Every structure is written in C-alpha cells, then in structure tokens.
There are 2 protein chains.
Amino acid sequence: MELLASNVCFGGEHRRYRHRSEVLDCDMEFAVFLPPAAIAGQPKPVPALYWLSGLTCTDQNFMQKAGAQRRAAELGLAIVCPDTSPRGVNLPGEDDSYDFGSGAGFYINATREPWSRHYHMYDYVVSELPELLERELPLTGKRSISGHSMGGHGALICALKNPGRYQSVSAFAPIANPTNCPWGRKAFSGYLGDDEETWKEWDATLLIPEAKERLPLLVDQGTADDFLEQQLAPEALADACEKAHHHIDLRMHRGYDHSYFFIASFIDDHLNHHARALGLSRSA
Amino acid sequence: MELLASNVCFGGEHRRYRHRSEVLDCDMEFAVFLPPAAIAGQPKPVPALYWLSGLTCTDQNFMQKAGAQRRAAELGLAIVCPDTSPRGVNLPGEDDSYDFGSGAGFYINATREPWSRHYHMYDYVVSELPELLERELPLTGKRSISGHSMGGHGALICALKNPGRYQSVSAFAPIANPTNCPWGRKAFSGYLGDDEETWKEWDATLLIPEAKERLPLLVDQGTADDFLEQQLAPEALADACEKAHHHIDLRMHRGYDHSYFFIASFIDDHLNHHARALGLSRSA
C-alpha cells in the first residue's frame, strides 16, 4: 500500500492509497477516512463502513461530496471507498461508454472474456480489500456496507450473499433489480454473457427469497430521481422483501434527485443506522 | 435570471442561475442555497451568507464540497456562491495561468487595460449580485460574507471597505496581505498596474488601521497548508489587528491543509458565527 495523499479532516484523516490488486490484476486506488479515535496517540481499532459508488465515480466522489466525515468522526467509524472498476487494463472498448467497463464494474465477478481477466469487483470489495485493510490499518474487522445507485445495489448483493460478513447494510437509490433494467442488462450481458440464468445470483431483488441472513434494509430514494422509473425500481425490491418477510425501510423522499445533494441530506441517518449495528454510541 | 438547475438538499434547494452582469459585461453563473424556511408554502425571507471561493474555483466547489447546507438549513440561512471571475470575455491570456485571469478575479476592480473592461468582481460581489438577488429571491437584505484563500481575502476587503453592509465576516486561509506575496503581487500588477500605491486599498492587512467599522474577524488557518508561509501570511493580518485594536480570532489548526477537507471541518463554526450576528437561532 502506497500512501498517495492525506488530509486532516474533522480531527481524523482522509487518505488515498494505491496498491496492487491480485484479484483484479491491476493497480487500484482507494480512499479511507480514519476517525480521530483510530489515529490518536493510543490508536484504537475501529469498525469500517464500506461505501460503493455509482457509475462514472472513483474513490473520491463520496469523500468530497457526501459530508460523511463529520458524523463518522463523532461515531468513531472508518469509511472505505474503493474505486468502481479495474483501471488501465487495456481491454478493447473499456472506455467507450459510461455504463460499461471503466467506472462501471457493477461489483460482480465477470465470467465472459475479456472482462473475466480483470473485472472481479465483487471479490475485490468483499474479500481482498477488507483483508488488506484489516491487516494494514487500525480496523477491528467489524464491517457495514452501503452505496449509491450501481453501488447501492453492490452493497445489497455483498450483504445478501455473505451472511455474517456485515453488521448492517443500506443503499441510496440502488439499481434494485438489474436483470430487469437497461443499465443492468447491458452490464450483465457484457460481463456474464447471454445466459440469463447466470445473472440471477447478482440481482438483489432475486436474492431476497433465498437470503440466509435477514439484515434489515435501509433504502433511501428520491421521487425526483431521473432514473427512478427506468433503471432503479425500488418497488420490485420492496415487493420481494414483503413476500419473503425481509424487513425493508424504503424511504421515498419527495423532490430529491440522484445527486450527492440527496446523499448528503440523509447520510447521517445511514451512519447512525450502521453505528447502532456496529455497537458504536450515537453521540460524540 | 435563468434557472439552470436545482436540487433539493436538506429540505431546502440548491439552485444554479445564469444572468447578464452589467458591471462585468458578460454572462455569469452563480449558485444559491435556499433553506427550507425560504421555500416553504409560506416562504419567509432569510438572510444570506456570501461565500467567495479561491483560485481556479467556480460557484460549485463550495456547494459540492463544504458540507454547509446541513447547518444552513437548520439555521434558516441562505448561501450565495458567485463565480471567481468574469468568464468567456476573450481577453488575451485570460486562460494562460491558474492565478490570473479566468478563475482568479481577486474580488477587486481592475483599472488596467484590457482587464478593466470586465474584471470588476468587487462591484459585482458587493453591489450588483446582492441587489439582483434581494429583488428576485426571498432574501431579507441582511448579509454576511466569508470565503477561502483568494476569496477569504475578498470577504475581508468587502467587509472592511463597506461599513454597515455586512453583519459579520470570516475567512478560511485568506491571502491576508496580497501586496506582499507572489499571488497578490502578480494579480495586482496585472489588474491595477505598477503603481503600488493603488494596490493599498485592496489589501486587508493595510485596510485594518483605517477601518471605519470594527467587525470581529474569525479566521481559520491550517498549519499544514502548503501556501501558509509564502502566500497567506495570517500573522501580518493579526499584527495589524493587534496594533489597531481590531478584534481577530485567528485559529491555527494543527495538521490541516488548504483543501475543502479543512473547510468542511470548521464550516459549522463559521455558520454559527454568522448566524449569531444575523440574529438567527443556533438550534434548529
């Protein structure tokens, strides 16, 4: 892990690192916020919230725009922001569109050539990155996960597929049923091929009936989100949850859109949700 | 005023507008955050904090990165972010450097050709923009002013030169004594010419002795700011304040740098400072 930059922030530290990822077979950059408790004279390991960003993002969008560090510093919660895809791997067409390839890894493991050579963002986010960070940084190994849009869905599948691995999960405007929307169908056909049977294990709405663990889902969605109807479909997820008696708190926020202004407005609620599950006190 | 975009944010609204500026003789864009109180069913006029950004910024940096809307929404405080220079006026060399011309108007009135044709950011920020906004938006006409770096200095001179116009002033890492640092000397010689006597009315440190109003100055500065020694020189300002018995609260923050991670960490203190002066309650 090579430290690229650090900034003191709310008494903690925002850091950017580069490292060699084995599962992605390329160099990756990520960001981490360490709260004051983790960098004090007698540093104390802290739990971590993994944040998965949406299409076109890097590790920086959330760190710069969500305003999450204030509450995370108070709570004693680290935040880890991975990038959204492998980078610079020179696959043909990787930079041709905003919703496939670079910046659009969808947090799944590609099985179709040539993407399967590098695009294993699921393994990276669920296993390789936490294992690295829990070895190298003052983290307890207790984890929660959240994200936005493509990353909101990523958070849901990471939690649903890994009972016991996360204490809590939440999402902002997730692509809730990707096998059934243009963004998801484009990504899954490209990364997984045309056999739609193989897509099902990567769709949160389809994973709900079989989930081995019933972590309650906190999902925030703006009603003025331009992608709500065609791409996001939170009601499909809510319906699946209702049928399976899986608790979901789907909050529809009148007038809010898909931007970080929406995320910033409700991030403290999500941080508090994760803090409770991680056993952190809600006050400073 | 043409509305370019709006986003609901913390129950209020972030809006971007374009308008024709007479004093700058060009089209300008700016951003405003209106708190919930100002856009409710029975909207109530609210006071405004003018935020002046630093070199290379637009109206968007503060709105996206400072995390100010949360507290401003609670306080019932509008925030206005102008751009940092005239735009698209086709002066030779306007885009050649990051610290002069586009993105670097320094909130002064240029007197030297060709810059004097457009570069009147002082008149724009002090007079034209507030007059427009107080006519078109639910603003009371009570104003405070703050900013960062070039804009921190801009806030100081706007307040010092206009007794009674602002209820309070503050700054993050201001270029405190521009006649005496490379950024300031480059800008002032370009915009004002070589007669350094004419520079003095645009330097906050030199304005302190003669100030007709003694608004207390709240100034935050990081000790790990790369520009601290060569460009910012807050101790020159503090010395001038001490000699003139002008109250300054210069807070040196150990380890903080020049970035928005620093601004975000202390913006609530500044919002509270301005809210007190504007007669707003400190709690929601």
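Does region A:82-93 include one or more residues that are of a type in the set (V, I, T) and under 25 Å from B:M63 (Cβ atoms)? Steps first, please.
Here is the first cut: in region A:82-93, the ones of a type in the set (V, I, T) are A:84, A:89.
Adding the requirement that they be under 25 Å from B:M63 (Cβ atoms) leaves A:84.
Taking every residue of region A:82-93 in turn, at least one turns out to be of a type in the set (V, I, T) and under 25 Å from B:M63 (Cβ atoms).
Residues of region A:29-63 that are without any contact (Cβ under 8 Å) to a residue 60 or more places away in the chain and more than 16 Å from the chain's Cα centre (by Cα): A:P35, A:P36, A:A37, A:A40, A:G41, A:Q42.
B:R16 passes every criterion in (1) surrounded by fewer than 24 Cβ atoms within 10 Å (Cβ to Cβ); (2) more than 15 Å from the chain's Cα centre (by Cα); (3) touching a residue at least 60 places away in the same chain (Cβ under 8 Å) apart from (3).
Quick one: is B:S189 without any contact (Cβ under 8 Å) to a residue 40 or more places away in the chain and polar (S, T, N, Q)? Taking the combined requirement at face value, the residue satisfies it.
Yes or no, residue by residue, for (1) open to solvent by less than 10 Å² (accessible area, probe 1.4 Å); (2) modelled with pLDDT under 95; (3) charged (D, E, K, R); (4) out of contact with any Lys or Arg (no Cβ under 7 Å at 6 or more places or on another chain):
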{"position": "A:H118", "(1), (2), (3), (4)": "no, no, no, yes"}
{"position": "A:Y122", "(1), (2), (3), (4)": "no, no, no, yes"}
{"position": "A:E136", "(1), (2), (3), (4)": "no, no, yes, yes"}
{"position": "A:S149", "(1), (2), (3), (4)": "yes, no, no, yes"}
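Residues are listed down the side, and each one gets a yes or a no for (1) in contact (Cβ under 8 Å) with a residue 40 or more places away in the chain; (2) closer than 19 Å to A:A68 by Cα; (3) within 14 Å of another protein chain (Cβ to nearest Cβ):
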site: A:Q231; (1), (2), (3): yes, no, no
site: A:K243; (1), (2), (3): no, no, no
site: A:H246; (1), (2), (3): no, no, no
site: A:L250; (1), (2), (3): no, no, no
site: A:H258; (1), (2), (3): yes, yes, yes
site: A:R276; (1), (2), (3): yes, yes, no
site: A:L280; (1), (2), (3): yes, yes, no
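Residues in region A:46-73 that are at the interface with chain B (Cβ under 10 Å from one of its Cβ atoms) and in contact with a Ser or Thr (Cβ under 6 Å, 6 or more places away or on another chain): A:N61 alone. Can you name the condition, by its number, that A:D268 falls short on among (1) of a type in the set (D, E, K, R); (2) more than 21 Å from B:G67 (Cβ to Cβ); (3) in contact (Cβ under 8 Å) with a residue 60 or more places away in the chain? The failed condition is (2). Exactly one of (1) among the β-branched types (V, I, T); (2) more than 23 Å from A:R16 (Cβ to Cβ); (3) open to solvent by 20 Å² or more (accessible area, probe 1.4 Å) is unmet by A:T140. Its number? Failing condition for A:T140: (2).
Give the residue that is farthest from A:H118 (Cα to Cα), with candidates limited to residues of region A:163-178 that are touching a residue at least 40 places away in the same chain (Cβ under 8 Å) and open to solvent by 10 Å² or more (accessible area, probe 1.4 Å).
First, the residues of region A:163-178 that are touching a residue at least 40 places away in the same chain (Cβ under 8 Å): A:163-164, A:166-178.
Those left that are additionally open to solvent by 10 Å² or more (accessible area, probe 1.4 Å): A:163-164, A:167, A:177.
On the way: A:P163: 26, A:G164: 27, A:Q167: 29, A:N177: 24 Å.
It comes out as A:Q167.
Just to confirm my filter: which helices (runs of 4 or more DSSP H) fall fully inside region B:20-96 and include at least 1 residues that are open to solvent by 50 Å² or more (accessible area, probe 1.4 Å) and among the polar types (S, T, N, Q)? Step through it out loud before you land on a result.
Values: elements: B:36-39, B:60-65, B:69-75.
Filter on region B:20-96 gives B:60-65.
Look at region B:100-112 and say how many of its residues are assigned to a loop (DSSP other than H, G, I, E, B) and out of contact with any Ser or Thr (no Cβ under 8 Å at 6 or more places or on another chain).
Of the residues in region B:100-112, the ones assigned to a loop (DSSP other than H, G, I, E, B) are B:102-103, B:105-108, B:110-112.
Next cut, out of contact with any Ser or Thr (no Cβ under 8 Å at 6 or more places or on another chain) only: B:106-108, B:112.
Selection size over region B:100-112: 4.
Scan region A:74-86 and give yes if some residue there is more than 27 Å from B:F262 (Cβ to Cβ), more than 14 Å from every other protein chain (Cβ to nearest Cβ) and in contact (Cβ under 8 Å) with a residue 12 or more places away in the chain, otherwise no. Steps first, please.
Within region A:74-86, the subset more than 27 Å from B:F262 (Cβ to Cβ) is A:85-86.
So of that shortlist, the ones also more than 14 Å from every other protein chain (Cβ to nearest Cβ) come out as A:85-86.
Those still in the list that are in contact (Cβ under 8 Å) with a residue 12 or more places away in the chain too: A:85-86.
For region A:74-86, residues more than 27 Å from B:F262 (Cβ to Cβ), more than 14 Å from every other protein chain (Cβ to nearest Cβ) and in contact (Cβ under 8 Å) with a residue 12 or more places away in the chain: present.
For region B:199-223, what are the residues that are touching a His at 6+ places or on another chain (Cβ under 7 Å) and among the hydroxyl-bearing types (S, T, Y)? The answer is B:T223, and nothing else.
The values are calculated or read from the model by the stated rules, or taken from the named source; none is laboratory data. Values in this document were obtained by computation on a predicted structure and should not be read as measured data. Virtual Cβ from ideal backbone geometry, glycine too; neighbours counted across all protein chains shown. Note: accessible area is taken over every heavy atom of the protein model, side chains too, but ligands, DNA and RNA are not part of it. Shrake-Rupley method; radii C 1.70, N 1.55, O 1.52, S 1.80 Å.
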